[in-house]
1. What aspartates and glutamates sit close enough to A:Lys186 to cross-link, taking a C-alpha to C-alpha distance under 14 Å and skipping anything fewer than 8 places away on the same chain?
2. So which trypsin sites (Lys or Arg not before Pro) in the range A:85-146 are both in a DSSP loop and have at most 13 other Cβ atoms within 10 Å of their Cβ?
3. Where in the range B:101-125 does the amide nitrogen come within less than 18 Å of the point 7 Å from the Cα of A:Glu58, taken along Cα to Cβ?
4. Report the charge-dipole magnitude of the protein assembly as shown in Debye, nearest 20, computed about the Cα centre from +1 at each Lys and Arg Cβ and -1 at each Asp and Glu Cβ.
5. Which is farthest toward the positive dipole end of the range A:21-188 among A:Gln170, A:Tyr37, A:Thr157, measuring Cα position about the Cα centre, with Cβ charges +1 (Lys, Arg) and -1 (Asp, Glu)?
6. Enter the per residue convex hull volume of the protein assembly as shown, computed from alpha-carbon coordinates, in Å³ rounded to the nearest integer.
7. For peptide B:100-108, how many partner chain Cβ atoms fall within 10 Å of a residue's Cβ, on average?
8. At most 13 other Cβ atoms within 10 Å plus a DSSP loop assignment makes a site exposed; report the longest stretch of chain B without any exposed GluC sites (Glu not before Pro).
Amino acid sequence: MIDDSALDNQALPERTGPPKNAGLPEHIAALIGEPQYPETATFPVEMSYAYNTLSATENGNPLYWDSEVADELTDGMTMPVATLSLWMRPHRWEPGATKEQVALKAHFDLKEQLDLPEAIMSDNTMILHEPVRPGDVISHHQVLRSISDAKTTKLGTGRFWVIDVEYHNQNGELVGVESYTGFGYKRTAPSTSTAPSTSPENS
Amino acid sequence: MNLPTSTSTDETGTAGITLDRAVAGTALPALSYDVSATTVVLGALASRDWRPMHHDYKFATERNGTPDIFLNTPNLAAWFERFITDWTGSRGRIGRMTFRMRDSVYPGDRMVFSGAVSGSEIDETGCGWAGLDISVSVGDRLCCTCTARVALPTDETDNPWARKSDDWKP
């Protein structure tokens, strides 16, 4: 669950213009605009994942089920656009892993480096470019776009940040961009409610 | 086992609609769906989301303090995609979606997708676009809002999927 009720009427970070980084440690401000964590998927795009998603949502779009339709409209099969982030999601376990793999590492870095133990995600934008096709090998990197000044909301005091994740295929073509707005914070008072005890990022 | 049934109006199929149908204020065919625990788990695993609040009742209720496991965001995105392309048909090409999560969807909920056209335009490349305002609610609870920008054919011969690089400005 992402409960952003406390964010209503709060100014979200601007996507353009000079970043608001008053009071930020220099090494964190220096990350703004810099690509981080370039990674390439460990497995190629495959149609079976598309069918799992289509089945889960009972999506009968012939574009994804009928190869003749796909040939006519998209020169072959493509993936449902909402699966953009799927190809870079780490395995739950893989040989050599010593702990659970996490996506969006830049977000967790900010929590730790700014000593903001709680976080939520409020907005998520997905921009779709070249279609993703079976056999593609997707790469991505993360870019911290902005960090707000300190803000106090009903959740606590902290900062908003915007992180873009840019996805490319093996030919270097941009296939999509996801933009996440997060709010890292410290609770202002001990909670007496049944509020989540873990950070619901990306839920 | 009885599979859950959805109610949607796929009046467009493969042929789809053209931009002239995207008049501001036009409502999209509603979609309602009875969510089960299977819906939540299937959607989470389909999106490679292994976190326990989407499959482990005890974790969700005792650690997260939520009433039950709940739908994950990438799966909701896939539901929005289905809702949009049920209306557009296969030629409709989504360019952009922005979500704002407000509440969760749990097993036992009937989620209802509703939406309307907010406007339309033809950009400088000749691509036709419709803007959509969409929401998913459970009863009186607004769970998620979504704004979307979807390319629609400007006539029966147009195919937004044929656009590449500089001719595609989502």
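1. A:Glu112, A:Asp115, A:Glu118
2. Working: sites: A:Arg92, A:Lys99, A:Lys105, A:Lys111, A:Arg145; in loops: A:Arg92, A:Lys99.
Within the range A:85-146, the qualifying trypsin sites (Lys or Arg not before Pro) (loop, at most 13 other Cβ atoms within 10 Å) are A:Arg92, A:Lys99.
3. Label zone hits: B:105-115.
4. Details: 31 positive and 51 negative charges, 262 e Å.
Using Cβ point charges on Lys, Arg, Asp and Glu, the protein assembly as shown gives about 1260 debye.
5. Toward the positive end, the furthest listed residue is A:Thr157.
6. On the way: hull volume 57.1 nm³, N = 373.
Spelled out: Cα convex hull of the protein assembly as shown, divided by residues, is 153 Å³.
7. Working: counts 7, 11, 8, 5, 5, 1, 1, 0, 0.
Partner-chain Cβ atoms within 10 Å, mean over residues of B:100-108: 4.
8. Values: sites that count: B:Glu11, B:Glu124, B:Glu156.
The longest uninterrupted stretch comes out as B:12-123.
Every number in this text was worked out from the coordinates using simple rules, so none of it is lab data. Here the structure is a predicted model, which means the values were calculated and not measured. Backbone-built Cβ (ideal geometry, glycine too); neighbour counts: all protein chains shown.
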